[in-house]
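Please read the structure below before turning to the comments.
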Amino acid sequence: MRVASCHWRVDPELITALADRLGPPRDAYLNGSHTWFVDLDGDRTLEWRLHPAPGYRIPAGTSPYDLWDALVAQLRSGGDPAALRVGEETRALGTLWDCLECFVAFGDDLEPATLAAEAGRLLGRAPEAWGLVDHDRIGGVWERSGGTASILDLLRSELRT
């Protein structure tokens, strides 16, 4: 099943926009994913998922929630996105997250252009791309790769089909 989706490539401004506009993540996972849920109109909820970078591993000496808080604080204070101190390591932002995706949660439906407009309004930044994607296929490829596939690349390949 294909669902409406939009996405952004990760950069420091995206991370601070997420923190400023959506607050802390609702959940964070050992695989690097972070999620937010935003009610759109009482009937629909948007799920925002920050996807891990290919080959992600959690930095030593931290937890998924500590990771988010540490990075946001450093980026807000002008920290170098190529050398962020996380737990016991110094890591580049691009080794942590690949992209942010937004889609309608719980199987609800929304036209891709409407989703992109609403998500862009909520985040204060238009998505880079939107359309219909097959999450089952993307998840399968990512799992078979052992987490080394780029979810950003997988999303973009879905948008070309």
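Here are the numbers for the structure shown:
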| read-out | value |
| --- | --- |
| Whole-number percent relative contact order across the chain, with pairs defined as alpha carbons under 8 Å at least 6 apart | 34 |
| On Cα atoms only, tilt of 64-76 relative to the major axis of the chain in degrees | 80 |
| Within segment 1-103, GluC sites (Glu not before Pro) in DSSP loop having at most 14 other beta-carbon neighbours inside 10 Å | Glu88 |
| Length added when fully stretched, Asn31-Leu132, from 0.36 nm per residue minus Cα-Cα | 33.9 nm |
| Listed candidates (i) 11, 41, 36, 12, 0; (ii) 9, 20, 19, 23, 21, 7, 0; (iii) 10, 42, 40, 8 - label of the one calculated as P(r) over Cα pairs in 10 Å bins from 0, in percent | (i) |
| Among Leu67, Leu30, Leu14, residue whose mean-square fluctuation peaks in a GNM of the chain (springs only between Cα atoms under 10 Å) | Leu30 |
| Degrees, to the nearest 10: 12-22 long Cα axis against longest axis of the chain | 60 |
| Net charge contributed by nearby residues that have their C-beta within less than 15 Å of Asp20 (K/R +1, D/E -1) | +1 |
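No value in this document is a laboratory result; all are computed from the given coordinates. Since this is a predicted model, take the numbers as computed values, not measurements. So basically every Cβ, Gly included, is an ideal-geometry build from the backbone, and we count neighbours across all protein chains shown.
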